[in-house]
Amino acid sequence: MNINKDYMSVMRYGAGMDRLLRYRSQLESGYRLFVCLVMGLCLVMLALIVPACAEITDAMGIRCVIGEAADQGLLGMLAVASGIRNRGTTEGIYGCTAPFVDKEPMYVWEMAMVAWELSAEKLLHDGTHWENIKAFGEPYWVKGMIEVYRYRDHVFYKKRIECSRGIKSDE
């Protein structure tokens with residue numbers, strides 16, 4: 001739509017000043033509506049992204065720790081809890097939805113709760129990814145990572161950065 005051409009056609013047919021102002025006001029209203037729609041769409045897109053980065057609740061964190069390290073003892077659970085907190089999301093963590101978690105005895109839940117609380121005060125390592133290498137072997141994604149911690153069955157990794165002089169960790 002060519003605004004100048006429309007303005008000229010309104011003026012050519014002898015429209016009064018009030019009609020011209022109403023026409024201009026309608027164009028501005030349309031523009032405002034368009035801007036509001038675009039901003040609304042941006043907010044919706046942002047809302048879809050933010051939940052992945054939202055704070056992890058204690059209940060979910062404890063559940064994930066049990067699902068990932070129920071048989072690893074307190075230190076193994078603390079290592080997993082540290083990894084979850086470093087990652088900042090539960091996305092991609094199988095243990096969070098593992099069906100066996102609900103069947104674990106109360107002492108495992110209590111140990112996981114202690115590990116989750118301790119990880120809020122002091123992280124054991126700075127890794128964001130881990131794998132139970134005894135059960136599943138070395139993961140395919142390990143090529144883009146460096147090992148930062150190892151405990152029992154789990155190895156913990158973080159992303160590495162390539163630089164001109166070699167490989168550096170993501171610090």
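The values are calculated or read from the model by the stated rules, or taken from the named source; none is laboratory data. Predicted, not measured: the structure shown is a model, and the values here were computed from it. With ideal geometry, Cβ positions are generated from the backbone for all residues, glycine too; neighbour counts draw on all protein chains shown.
Test Ala69 against the stated conditions and say whether it is under 25 Å from Lys159 (Cβ atoms) and of a type in the set (A, V, I, L, M). Considered against the rule, which asks whether it is under 25 Å from Lys159 (Cβ atoms) and of a type in the set (A, V, I, L, M), Ala69 comes out as yes. Only residues that are under 22 Å from Ala135 (Cα atoms), in a helix (DSSP H, G or I) and not basic (Lys, Arg) were counted in the range 91-124, giving 10.
If I go through the range 136-155 residue by residue, how many of them are part of a helix (DSSP H, G or I) and touching a residue at least 40 places away in the same chain (Cβ under 8 Å)?
Here is the first cut: in the range 136-155, the residues part of a helix (DSSP H, G or I) are 136, 140-144.
Then drop every residue that is not touching a residue at least 40 places away in the same chain (Cβ under 8 Å), which leaves none.
Qualifying residue count, the range 136-155: 0.
When Glu121 is tested against (1) under 17 Å from Asp58 (Cβ atoms); (2) under 16 Å from the mean Cα position of the chain (by Cα); (3) of a type outside the set (Lys, Arg), exactly one condition is not met: (2). Of all residue pairs spaced 6 or more apart or on separate chains, none has beta-carbon atoms under 8 Å together with a first member in the range 99-111 that is in contact (Cβ under 8 Å) with a residue 60 or more places away in the chain and a second member that is assigned to a helix (DSSP H, G or I) and among the hydroxyl-bearing types (Ser, Thr, Tyr). Filter the range 118-135 down to the residues that are free of Cβ contacts under 8 Å to residues at least 24 places away in the same chain and out of contact with any strand residue (DSSP E or B) (no Cβ under 9 Å at 6 or more places or on another chain) and list them by number. Once the filter is applied, which keeps residues that are free of Cβ contacts under 8 Å to residues at least 24 places away in the same chain and out of contact with any strand residue (DSSP E or B) (no Cβ under 9 Å at 6 or more places or on another chain), the range 118-135 yields Glu121, Lys122, Ala135. Among the residues of the range 62-117, those identified as touching a helix residue (DSSP H, G or I) at 6+ places or on another chain (Cβ under 7 Å) and of a type in the set (Lys, Arg) are Arg63, Arg85. Screening Lys168, Lys134, Lys103 for residues that are exposed (fewer than 10 other Cβ atoms within 10 Å of the Cβ) and either at pLDDT 90 or above or not small (Gly, Ala, Ser) (or both) leaves exactly one candidate, Lys103.
Which residue is nearest to Leu78 (Cα to Cα), if the candidates are limited to the range 137-157 and must be surrounded by 14 or more Cβ atoms within 10 Å (Cβ to Cβ) and out of contact with any strand residue (DSSP E or B) (no Cβ under 8 Å at 6 or more places or on another chain)? Looking at the filtered set, the residue picked out is Tyr151.
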